[in-house]
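Here, each number is a calculation from the coordinates, and none is a lab measurement. No experiment lies behind these values; they were computed from the predicted model shown. FYI the Cβ positions are ideal-geometry reconstructions off the backbone, even for glycines, and counts take in every protein chain you see.
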There are 4 protein chains.
Amino acid sequence: MKKQSPKKLQRKTEIVEAAVKVFAEKGFFKAKVSDVAKEAGIADGTVYLHFKNKDDLLIYLFENKMEHILMRFNSQLAESIDPIEKMKLFFQIYFKIIKEDKKLAEVFQVELRQSVKFLKDYHNQKFIDFLNIIGGIIKQGKQDGFFNPELNTNVTKILIFGALDETARQWILGTNSKYSLKEAVDHISSILITGLLIV
Amino acid sequence: MKKQSPKKLQRKTEIVEAAVKVFAEKGFFKAKVSDVAKEAGIADGTVYLHFKNKDDLLIYLFENKMEHILMRFNSQLAESIDPIEKMKLFFQIYFKIIKEDKKLAEVFQVELRQSVKFLKDYHNQKFIDFLNIIGGIIKQGKQDGFFNPELNTNVTKILIFGALDETARQWILGTNSKYSLKEAVDHISSILITGLLIV
Amino acid sequence: MKKQSPKKLQRKTEIVEAAVKVFAEKGFFKAKVSDVAKEAGIADGTVYLHFKNKDDLLIYLFENKMEHILMRFNSQLAESIDPIEKMKLFFQIYFKIIKEDKKLAEVFQVELRQSVKFLKDYHNQKFIDFLNIIGGIIKQGKQDGFFNPELNTNVTKILIFGALDETARQWILGTNSKYSLKEAVDHISSILITGLLIV
Amino acid sequence: MKKQSPKKLQRKTEIVEAAVKVFAEKGFFKAKVSDVAKEAGIADGTVYLHFKNKDDLLIYLFENKMEHILMRFNSQLAESIDPIEKMKLFFQIYFKIIKEDKKLAEVFQVELRQSVKFLKDYHNQKFIDFLNIIGGIIKQGKQDGFFNPELNTNVTKILIFGALDETARQWILGTNSKYSLKEAVDHISSILITGLLIV
DNA sequence: AATGAATGAGATTTCATTCAT
DNA sequence: CATGAATGAAATCTCATTCAT
C-alpha cells in the first residue's frame, strides 16, 4: 500500500463519488470516463493520474466503499450480543445504508454482480467478508441455541443476503411493487428470523 | 405479432441459443455480435436479418425464454392445490430450471439486472408476471389460512424471489460458498415457509 | 445489342420505372436495391437477372429514358423550321416532359450530375446529344441570320440548358420561390431569345 | 453560436478544407471520413471531435463557405450602383470565385444538389440568400427603369443562376464543350442582360 | 426465371487512454 | 499536477451481390 498525500486522496475520493453517481445512472459499461470526469469537474486525463484505468476505478470504488460499510457493520453490531437482536440490527443497518446512499446501492447491486464476469481475476474478498458477517451471526445463533443447528450456514447466509438485497433493489428501482423500507425490514425480520428459529 | 416462416424462426432460435451461451460467458457488453454469429455458425450480417440490433436480441431472448419458463411454471403448478405444497413445488421447479440451463440462468441473473438500466424504455412485464406467480401463491396461502395474513404480498414475493435468486446465482458462480442445489431447495423451503406460516 | 424477349423487356422496364421512383425519392446512393425491388414487386435477386449491378441500372435508366426523350424532341421539332419558333418549341417540350414525369426529372437533374463523378468511365453521350439539339437550333439561327453570329454555340447551348434546368428544378422542388411552369416558359423564351437575337 | 478556441477553430477549418478536396474528387457519398482525415493529416476520430457526423461536416462546409461567399458578394457589389453594371459585376465575381476554388465549386454544384434530398430537414437559407442577391439586382433594375418591369423576379433570378451555374459546372468538368471562363462571362452578360432590358 | 436468405467486405462511429503543453 | 486534444483500435451495423432452391 502506497501512502497518499491528503490532497491527492481527497481528489481521488471526489472521483469515486462522481463515479458512483455516473455508474448508478448509466451503468458501468455505458458510462464514459469523460462522464465521470465531467461530474467530478476535472479533465479526463486527471482520472488517469489516480486510477490505472476504468476497471481499476470500479474496483477501487468497491473496495473503498465496502471497507467503510464493513467497518460500520462491525462497530454497530458489536453493541449487541443476542444473535436474534444482532440479526435484526443487521437488517436495519443494511436498509439504513441503502437509504442513505441509493446511488451507491445501485452500483453495488447491479454492477457488482456482473463485475465478477468481466473482471476475470478480481477476487471479491470484501463481499465475502460481508456475507461472513451474516454467517457469523448465524453460527453464533446456532451455538447459543436460538437457531436451528441443522442449517447450513453457507446456504443460509446467502439466502438471507438475497432476500435483503432484492427487497432493497426493488425499493430503489421503485418499479413493480411499492413499499416502504420499514415494511421491508419488518417482513425480512419476521419471516427470516422465524424461519431460522428452532422449531 | 408477425408470423415467421418456420425456417426463419428456426434460424432465429439458433441465434438466441448462441446468444445465451455467449452472453453467459462474456456478459452482454463484452460479447460481440460477431461472437454470437460465430457461435451460431453464421455470418455477422445474418444476425441483423433477424434482430434490429444487439439490444433487440437481448430483449427477444428475455421475452422468448421467459415465456417458456412462465408456461412451465403455470402448467406444473396447476397440479398442486395446497399453497404450501405449491410453494415448495415452485422452489423445486425454479432450481430445476436453473440446473437444466445454467447459461440461461446466468444471463437472466446477471444481465437481466443491468438491462433494466440501459434499456430505458423496456418494461419488463414477463418478470412482473413471474413475481406474480409467487404473489399468487402467497395470496392463496393467506386466504386458505396457512400463511400469516398480515404479510404484505408485494414485499414477501420479492423477498422470496431474492432468496431463491441469490442462492441460485451463488451456486452457478460456484464462488464464495459451495453447496448442492438440493441443500438450497431444502433450506429455502424450510426457512421461508416456516417464516410465512401463521404463528 | 442483344435482343430481348418481349416478356423480359417488360420486366426490365418495370424495374426501371420502380428505380425512377425510388431514386427520385431517396437519391441513388441512399436508395437500396431492395427498395427498388420492393417497389417493382419482385425479389431482390431478380434485379440482377436484368442488370449487372446498381450502377448498371442507373446507366440503363439514363440511356433508355434519354433515348425516348431525344426521339420525342427530334420528331416534334421537325415540324418547325423557323429557329426562333424551334427554340420556343424546345422550351415548351422540355417543360412538358418535366411536368409529365416529375420523378424522372428529379433523377436526371440530381443524379445525372453526380453520376459523372462516380461512374468513372461513363461517357454520357445521350446528354451530349441532348445539348446538341439546342446547339443545332443555335447554329441554324445564326446561319439564317436571326441569332447573333458572334455567339459561341458551345457556351450558349449550355447557358440555355442551365437556365431551363434550374427553373425546372426549382419548380419541382417547390421550395425557395413558387411559380407556374407557364411563367417559366414565358420568361425563358422572352429573356433568352431576346438575348440571342441580332442587335 | 458556440465560441471556439482559436486552436480548435483552426483544426476545424483544416478538416473543412480537406473535406472540400475529398468531396470534390470522390463525391460526398463515395468519400470516406477516413479519406477526409487522411487528407487533413489527422486520425479518423479527430473528425468526430469537431463534427457530429459526416452529414454535419457537409452542412458546416456549406454554411461556412457560403457565408464567406455571401460576404464577398455583398461587399464587392456595394461598390456599384448601376444595376446593369452590378449584374455584370455579379457574373464576374461568380466566375472569379469558381476559378479560385474549383474544388469548392464542384462540391457546391454537384453535391449541394443532392444534399437537399438526403438532408431532409436542412433548410438551405444561405442558398436562398444567394439567390436573393440576384433578385435584389433585378428588382433595382426594374425600379430604375432599366429592366423589363413585367419580369417575375423569382423566375428570373433562378433562370440567371441556372445559366451561370451550368456554364460554370461544364467549365469545371471540362467535358462536353470547352471554353474559357472569359467567354462564359461575356456570353452570360451579353445574352442575359440584353434579355432583361426594356425592349 | 424467380426467389430471398445469407454473405462479408467495408463504412461509420465511439471512447479508453495517452502525452505534449 | 492538470489539461483536453488527439489517437486509433475495435465494435456496430449496412447492403450490394450471390446462389441454392
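Compute the angle between helix A:54-77 and the longest alpha-carbon principal axis of chain A, please, reported from 0 to 90 degrees and rounded to the nearest 10.
40
Most fluctuating residue of A:Thr153, A:Thr167, A:Thr46 in a GNM of chain A with Cα springs under 10 Å: which is it?
Looking only at A:Thr153, A:Thr167, A:Thr46, the largest GNM fluctuation is found for A:Thr46.
Write out the GluC sites (Glu not before Pro) in region B:1-85 meeting two conditions: DSSP loop, and at most 16 other Cβ atoms within 10 Å of their Cβ.
Passing both the DSSP loop test and the Cβ count: B:Glu79.
Hey, got the Cα dimensions of chain A along the principal axes, in Å, largest first?
60, 41, 31
Largest first and in whole Å, give the semi-axes of region C:1-51's equivalent ellipsoid, each being the square root of 5 times a Cα gyration tensor eigenvalue.
Its equivalent ellipsoid spans semi-axes of 20, 11, 9 Å.
What is the average number of partner chain Cβ atoms found within 10 Å of a Cβ in D:128-136?
1
Compute the label-point distances linking C:Ser34 to its equivalents in the other copies; points lie 7 Å from Cα along Cα→Cβ; give nm, one decimal, shortest first.
2.2, 2.4, 3.3
Could you please report the charge total around A:Ile158, scoring K, R as +1 and D, E as -1 over all other residues with beta-carbon less than 9 angstrom from its beta-carbon?
+1
Give me a single rounded figure for B:185-197: the average over its residues of other chain Cβ atoms within 10 Å of their Cβ.
Average per residue, whole number: 6.
Can you give me the distance in nm between label points at C:Gln140 and B:Glu17, each placed 7 Å from the Cα along the Cα-to-Cβ direction?
Distance between label points: 7.5 nm.
Hey, which lysines would be in cross-link range of B:Lys7, C-alpha to C-alpha under 20 Å, not counting anything within fewer than 8 residues on its own chain?
Correct list for B:Lys7: B:Lys38, B:Lys52, B:Lys65.
Pairs of alpha-carbon atoms within less than 8 angstrom and 6+ residues apart define the contacts here; what relative contact order does chain D have, in percent?
The normalised contact order for chain D reaches 21 percent.
Size of the dipole of chain B about the Cα centre, Lys and Arg at +1 and Asp and Glu at -1 on the beta carbon, nothing else charged, in debye to 20?
Dipole magnitude for chain B comes out near 660 debye.
Using Cα springs under 10 Å in a Gaussian network model of chain B, which residue among B:Leu70, B:Leu61, B:Leu104 shows the largest mean-square fluctuation?
B:Leu70
Counting only other chains, what is the mean number of Cβ atoms within 10 angstrom of the Cβ of each residue in peptide B:145-153?
Average neighbour count from other chains, rounded to a whole number: 2.
If I take the rotation axis that carries chain B onto chain D, which residue of chain B has the nearest beta-carbon, and at how many angstrom?
B:Asn53, 9
Among D:Lys86/D:Lys139; B:Lys126/B:Lys178; A:Lys103/B:Lys21, which pairs are too far apart, with a Cα-Cα distance over 22 Å?
B:Lys126/B:Lys178; A:Lys103/B:Lys21
As a test of understanding, state the convex hull volume per residue of the protein assembly as shown from its alpha carbons, in Å³.
Spelled out: Cα convex hull of the protein assembly as shown, divided by residues, is 222 Å³.
Per the Kirkwood treatment, what hydrodynamic radius in Å, one decimal, follows for region A:1-100 from the mean inverse distance over all distinct Cα pairs?
15.3
Among all the aspartates and glutamates, which ones have a C-alpha under 13 Å from A:Lys102's C-alpha, if same-chain residues fewer than 8 places away are not counted?
A:Lys102 reaches A:Glu17, A:Glu25, A:Asp165.
Around A:Gly135, what is the net charge, scoring Lys/Arg as +1 and Asp/Glu as -1 over all other residues with Cβ under 11 Å from its Cβ?
Surrounding charge for A:Gly135 is +2.
How far is C:Tyr48 from itself in the other copies, in nm, if each label sits 7 Å out from Cα along the Cα-Cβ line, shortest first?
1.7, 3.1, 4.5
What are the nm distances, shortest first, from C:Gln92 to its equivalents in the other copies, labels at 7 Å along Cα→Cβ?
From this label point to the equivalent ones elsewhere in the assembly: 4.0, 9.4, 10.0 nm.
Could you compute the FRET efficiency for B:Lys26 and D:His123, with r as their C-beta to C-beta distance and R0 at 45 Å, rounded to 0.05?
Rounded to the nearest 0.05, the efficiency is 0.45.
Where in chain B is the longest stretch that carries no trypsin sites (Lys or Arg not before Pro) classed as loop by DSSP and with at most 13 other Cβ atoms within 10 Å?
Answer from the scan: B:53-119.
Under 11 Å from the Cβ of A:Gln92, count the other residues' Cβ atoms, weight Lys and Arg +1, Asp and Glu -1, and hand me the total.
+3
Provide the gained length on full extension for the span B:Lys38 to B:Asp82, in nm with one decimal, where the gain is 0.36 nm per separating residue minus the Cα-Cα distance.
11.1 nm
Can you give the Kirkwood hydrodynamic radius of region B:88-199 from its Cα pairs, in Å with one decimal?
15.1
In nm, to one decimal, how far is the C:Ser75 label point from the D:Lys103 one, both placed 7 Å along Cα→Cβ?
So the label points at C:Ser75 and D:Lys103 sit 4.9 nm apart.
Which distance in Å, rounded to a whole number, links the C-alpha centroids of region D:144-199 and region C:8-33?
34
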